[in-house]
Amino acid sequence: MSEKPKYYISTAIAYTSGKPHIGNTYEIVLADAIARYKRSQGYDVYFQTGTDEHGQKIELKAEEAGISPKEFVDNVSKEIKRIWDLMDTSYDKFIRTTDADHEKQVQKIFKKLYDQGDIYKGYYEGMYCTPCESFFTESQLVDGKCPDCGREVQPAKEEAYFFKMSKYADRLIEHINTHPEFIQPVSRKNEMMNNFLLPGLQDLCVSRTSFKWGIPVDFDDKHVVYVWLDALTNYITGIGYDCDGNSSEKFEKYWPADLHLIGKDIIRFHTIYWPIFLMALGLPLPKQVFGHPWLLQGDGKMSKSKGNVLYADELVDFFGVDAVRYFVLHEMPFENDGVITWELMVERLNSDLANTLGNLVNRTVSMTNKYFGGTVTDKGVAEEVDAELKAVIENTPKAVDAKMDGLRVADAITEIFNLFKRCNKYIDETMPWALAKDEAKKDRLETVLWNLIQGISAGARLLESFMPSTSKKILDQLGNGHVTDKPEILFQRLDLEEVMKKVEELHPHKEETAEDDKEENVIDIEAKPEITFEQFGAMQFQVGEIIACEAVKKSKKLLCSQVKIGSQVKQIVSGIKSQYTPEEMVGKKVMVLVNLKPAKLAGVLSEGMLLCAEDADGNLSLVVPEKEMPAGAEIC
């Protein structure tokens, strides 16, 4: 008997600064769906998650709460684990970075890297952002604030140990180039290569002395290990890695990981720092790192001050576990951010879950009981419409396989619900209630109901990875042609007005104060490396006037504008069709990057770029001159 293929999947461990919101919960549910699906395919799956529990931010939060850092992280880690369990996630290990065996291995790893010359002692000076636990140079700040989170920074200088990142940079670049599947989606790979690796890596600060809540450097106890070196190593310490050569059988079996599933905001740490640490330890790299998009609230980024944070346990109270799992998995695109609102949740529950799926199962069970006492077999009285249904039943598992192989989980769920929709259509086409009126068509009616049960059962089996409880309930009701005598309502339809009334009672509307706005009205993006004044001077920006504009044929996103810049006219293609009509573009004064190398987009030549701003919801706004300026004026 051949050994099962192994599959090791891990999520980014959750930071214990507070209760996880639904955007955090999305990641664990996504990982669980992938893990369950791999198990269904016969893989020996190991699924690890956990909590990241060190750092200055936690030390300060614990001080504010009047408790020790360990008490603080114990409380938060317990709450995170409760939420993960509530969401019916099937992880094999929940690691904590305060676990004694993890802390011991981190100390040994740090010492090994120091002894082999990859880590050295020096001084770090710069502007420090406590929430992000990151240093920045003055030029990296945006309006004097942290370029990642927009908060205040403080000048800091401290003795520190550094890791020689540049020593391994060429090797990492080669690995990324020869393993195109390593960083997904591809846009994340391009970002890491162009913004960080190709411009050149700086040495990384890997210890701190200005706070104590961290793993001590055991040969220099003034220092604690930098939180990212500590946190990232959980992927190997959690399965028994020992840098002295005494690693466990579990480590030998499961490493390298098949998939690290992380948020797009920490892609740099997982695709640059982590691979380089592994290279220095002489270990193979994970096979793939997937930086998933964010799940955003309908009115922007979730924030406690706005009162718009959605929590998984609260949503479960309204909709049930599987409905919440369905929503976060189905509504998240592969690469772009998704949106969650109470209204959308109610709409999906009523249309997809209560109507398409729940009503289908209920009708089928009820008709089987009514016409055949709860038991049907295949009488073989086939018609052409049966073949069409059976083709969908046969092809859906292949379609789901293809989507899941590419981590397109939302698309996989869509394929399953397309099967349920086809079953509903089959009922409309065959009209069992009409067949039941003719005794001569009894065998045909029984065949129809048998086919329905087979189709729904096939979909339910596929649904197990995504909605495990619902899958079991459906299969228990249908049996194999012997249905339950009392069909269970899978999803109860909800009245939107009643739901929103209860939501308002739970979360009375909060007016934002100026301080809230100051704190929250920011966008978090990955900081790009510094450029020189000469590099900036190579880019030519001018004011342009749009004199003509039309939609690009066969494209849902692109507009093609004729832009007057001085005495010349350039043709520029921009992905702004969702925000602007061709008519409203004409006459606008815009800011243009004019010396961008021409390229074809959707087969249309573009000779520059219009500058736009983008908010957290993907809304675009053209950047325009504040005062009247002539076409061709230089932007400097």
Problem set entry | VAL206 long-range amide H proximity, modeled H, under 5 Å | TYR161, PHE162, PHE163
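Under the Kirkwood approximation for Rh and a Cα-based Rg, what ratio Rg/Rh is obtained for the stretch 328-394?
Here Rg/Rh amounts to 1.16.
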Exercise. Any idea what the dipole of the chain comes to, in debye rounded to 20, about its Cα centre with Lys/Arg Cβ at +1 and Asp/Glu Cβ at -1?
Worked result: 1580
Seminar exercise, completed: Beyond 20 Å, the calculated P(r) of the stretch 229-360 holds a percent of Cα-Cα pairs equal to 59
Exercise. Which whole number of Å³ per residue matches the convex hull of the alpha-carbon atoms in the stretch 33-107?
Worked result: 104
Exercise. Between ASN177 and LEU605, what FRET efficiency follows from the Cβ-Cβ distance if R0 is 51 Å, with the result rounded to 0.05?
Worked result: 0.95
Problem set entry | Calculated FRET value between CYS636 and VAL385, using beta carbons and R₀ = 51 Å, to 0.05 | 0.15
Exercise. Could you give the distance between the Cα centres of the stretch 1-73 and the stretch 306-348, to the whole Å?
Worked result: 19
For this session: Place the peptides 117-130, 200-213 in order of packing, highest mean first, counting for every residue the other Cβ atoms within 10 Å and averaging per peptide.
Result: 200-213, 117-130
For this session: Compute the distance in nm between two label points, each set 7 Å from the Cα along the Cα-to-Cβ direction, one at ASN195 and one at GLN492.
Result: 4.6
Exercise. If you place +1 on the Cβ of every Lys and Arg, -1 on the Cβ of every Asp and Glu, and leave all else neutral, what size is the dipole of the stretch 398-500 about its Cα centre, to the nearest 20 Debye?
Worked result: 260
Exercise. Ignoring ligands and nucleic acids, what accessible area does HIS482 show with a 1.4 Å probe (Å², nearest 10)?
Worked result: 120
Problem set entry | Estimated FRET transfer efficiency (VAL142, LYS121; beta-carbon r; R0 25 Å; 0.05) | 0.20
Problem set entry | Between helix 384-405 and the chain: long-axis angle, C-alpha atoms, 0 to 90°, nearest 10 | 20
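Among bridges DSSP assigns within the chain, what percent are antiparallel (round to 5)?
Roughly 70 percent of the DSSP beta bridges within the chain come out antiparallel.
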Seminar exercise, completed: Amide H contacts under 5 Å for LEU296, restricted to residues at least 5 apart in sequence or on another chain and with H modeled in the peptide plane, are GLY338, VAL339, ILE340
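Beyond a 29 Å Cα-Cα separation, which of these cross-linked pairs lie in this structure: LYS189/LYS403; LYS390/LYS441; LYS61/LYS145; LYS564/LYS597; LYS108/LYS250?
The pairs that break the limit, which is 29 Å between Cα atoms, do not exist here.
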Problem set entry | Contour excess over end-to-end distance, with Cα ends at LYS472 and GLU347 and 0.36 nm allotted per residue | 42.6 nm
Problem set entry | Most to least packed among 445-455, 373-383, 389-399 [average Cβ atoms within 10 Å] | 445-455, 389-399, 373-383
For this session: Could you let me know the centre-to-centre spacing of the stretch 248-295 and the stretch 439-485, using Cα atoms, in angstrom?
Result: 41
Seminar exercise, completed: Using alpha carbon positions and the Kirkwood radius, the Rg to Rh ratio of the chain is 1.01
Seminar exercise, completed: From DSSP H assignment alone, runs of 4+ in the chain each adding -39500 (n - 2.57), the sum over residues rounded to the nearest 500 puts [θ] at 222 nm at -12000 deg cm²/dmol
Exercise. Hey, can you rank 551-557, 50-56 by average C-beta count inside 10 Å, highest first?
Worked result: 50-56, 551-557
For this session: Take the Cα coordinates of the stretch 394-493, assign each an equal point scatterer, and use the Debye formula without solvent to give log10 I(q)/I(0) at q = 0.13, 0.21, 0.24 Å⁻¹.
Result: -0.53, -1.14, -1.30
Seminar exercise, completed: Scalar couplings 3J(HN,Hα) for the stretch 271-283 by Karplus 6.51 cos²θ - 1.76 cosθ + 1.60 (θ = phi - 60°), nearest whole Hz, x for Gly and Pro, are 10, 10, 5, 4, x, 5, 4, 5, 4, 5, 7, x, 10
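Thinking of the stretch 156-233 as a set of Cα atoms, what percent of all their pairs are more than 18 Å apart?
When all Cα pairs of the stretch 156-233 are counted, 54 percent exceed 18 Å.
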Exercise. At a 1.4 Å probe, what is the % contribution of carbon and sulfur to the accessible area of the chain?
Worked result: 50
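For ASN395 and ASP485 in one chain, what is 0.36 nm times their gap in residues minus the Cα-Cα distance, to one decimal in nm?
Gain in length upon complete extension: 29.3 nm.
The values are calculated or read from the model by the stated rules, or taken from the named source; none is laboratory data. Predicted model, so just to flag it, every value in this text is computed and none were measured. FYI the Cβ positions are ideal-geometry reconstructions off the backbone, even for glycines, and counts take in every protein chain you see. Protein only, heavy atoms only, side chains kept; ligands, DNA and RNA dropped before computing areas. Shrake-Rupley method; radii C 1.70, N 1.55, O 1.52, S 1.80 Å.
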